[in-house]
Structures are given as structure tokens and as C-alpha cells.
């Protein structure tokens, strides 16, 4: 998978903390929010292959890939939690400077934390997961997820599991959205019960009507 890198200037059009917070207020106040829709929660399937970048990351940091959470319930989405999610997504998008792994490390794939202030999509995702864990969100609810953009490019984001649905933290957008509101084709994500394993993401079934003459 080749991670997407975009110039920082292209992110400005999607930067809107006020808009995101307004959405949160509406979401939490409404009894007919996204939690009412079954597709607000990402359907997953069987165990699948681990991305090579994550495999190498696990070899360097084995303890991070040997966590087996026991409580797999999604977090309750409160206004405080939403504010933290939005703030971390925006902050990391601002301070991490985009650079490809090839330019950064001389390798096509190298997952790592952006401790030097630079990275590509996986670096953004790992940092957001780390910061939200420090704020108390369980690791079972912070899952690195692999998608494809409409143009076919590979990309990585963070899925945040909540009782109101699954939300996406993305270095290409500062607006935190339900996964169904993104233009991406979702491929796989970390398993909720094992940080070193990955599961398929099931695609919506297309219903074909058989018309009779």
C-alpha cells in the first residue's frame, strides 16, 4: 500500500473546528442521530493479511502488537470525548509535516510515530491513536484502518468506535466524519481484540432485481 501525502496547503479547505463541534452538539442532542442507522457501524469479517508496514512496525515494537483488550464495548460518545477527538485530529494534522516514506526513510513503507514532526498517513494515524489513548480512550476503540481513495491510491486512517457509530480521523481532512460520509473504499482494520491482527471490512451488498417480462 502506498500512503497518500498531500501538501499541507490542501488541508486548509477542510479545516473547521467550529463546524465539527456544531455537528457534535447536533449529534448528541438528537434522538435520531447516526446511531439509529445500522450502517453507522462498520461491518467486519474474518481475519485477513496484516499490512507489511504494520508487520515491520510490530517487529520493532512487539509490545504494541500483543495487546488483547477484554472489554470490546464501543465508548460512549459524550461532548467531552467528541471535543477531544476533534481537537487531536486537528492538532496532529497541523503539526505533523507531510513527507513520503521514501523521502523520509528511504523505504517504500515504514510505519512509525512522527516524533521528528514529519510523516505520512500511517504516522498521522499512529500519533492520533497514541494521543487519544493518553486521554483515556481504550485501544480497542482506536483502530488503524486501510482504505482506497476514489483514484485508487492506498491510504490509512483511524477508526474511532463509539456507541453512536464509527468515526474517521484523517490527515486529509480536519472534519471528523462517520465512515459512511467519506468517499473511501474500506479494506481492512485492526481487530478490536488483538492489536496485531487485522480483519476484513465487509462491503455493502448490491441488490440486483430480476425483472420478468
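The values are calculated or read from the model by the stated rules, or taken from the named source; none is laboratory data. Since we're looking at a predicted model, the values are computed, not measured. Using ideal geometry, Cβ is built from the backbone for each residue, glycine included, and neighbour counts are taken over all protein chains shown.
For the stretch 127-143, a residue qualifies if it is touching a helix residue (DSSP H, G or I) at 6+ places or on another chain (Cβ under 8 Å) and assigned to a helix (DSSP H, G or I), and the qualifying residues are 127, 128, 129, 131, 132, 133, 139. Filtering the stretch 187-202 to residues that are out of contact with any helix residue (DSSP H, G or I) (no Cβ under 7 Å at 6 or more places or on another chain) and buried (at least 17 other Cβ atoms within 10 Å of the Cβ) leaves 187, 188, 189, 190, 191, 198, 199, 201. Taking first residues from the stretch 102-127 that are on the phi > 0 side of the Ramachandran plot and in contact (Cβ under 8 Å) with a residue 12 or more places away in the chain and partners that are part of a helix (DSSP H, G or I) and exposed (fewer than 13 other Cβ atoms within 10 Å of the Cβ), the Cβ contacts under 7 Å between residues at least 6 apart in sequence or on separate chains come to 117/95.
Taking into account only those residues within the stretch 127-139 that are touching a strand residue (DSSP E or B) at 6+ places or on another chain (Cβ under 7 Å) and surrounded by 15 or more Cβ atoms within 10 Å (Cβ to Cβ), which is nearest to residue 78 (Cα to Cα)? Looking at the filtered set, the residue picked out is 137.
Is there a residue being over 18 Å from residue 56 (Cβ atoms), at pLDDT 95 or above, more than 14 Å from the chain's Cα centre (by Cα) and in a strand (DSSP E or B) anywhere in the stretch 96-109? Checked against the condition, which is being over 18 Å from residue 56 (Cβ atoms), at pLDDT 95 or above, more than 14 Å from the chain's Cα centre (by Cα) and in a strand (DSSP E or B), the stretch 96-109 yields at least one hit.
Restricting 56, 71 to residues that are in a helix (DSSP H, G or I) and out of contact with any strand residue (DSSP E or B) (no Cβ under 9 Å at 6 or more places or on another chain) narrows the list to 56.
Entry remark, the stretch 144-165: residues being outside any loop (DSSP other than H, G, I, E, B) and within 15 Å of residue 182 (Cβ to Cβ) number 12 in total.
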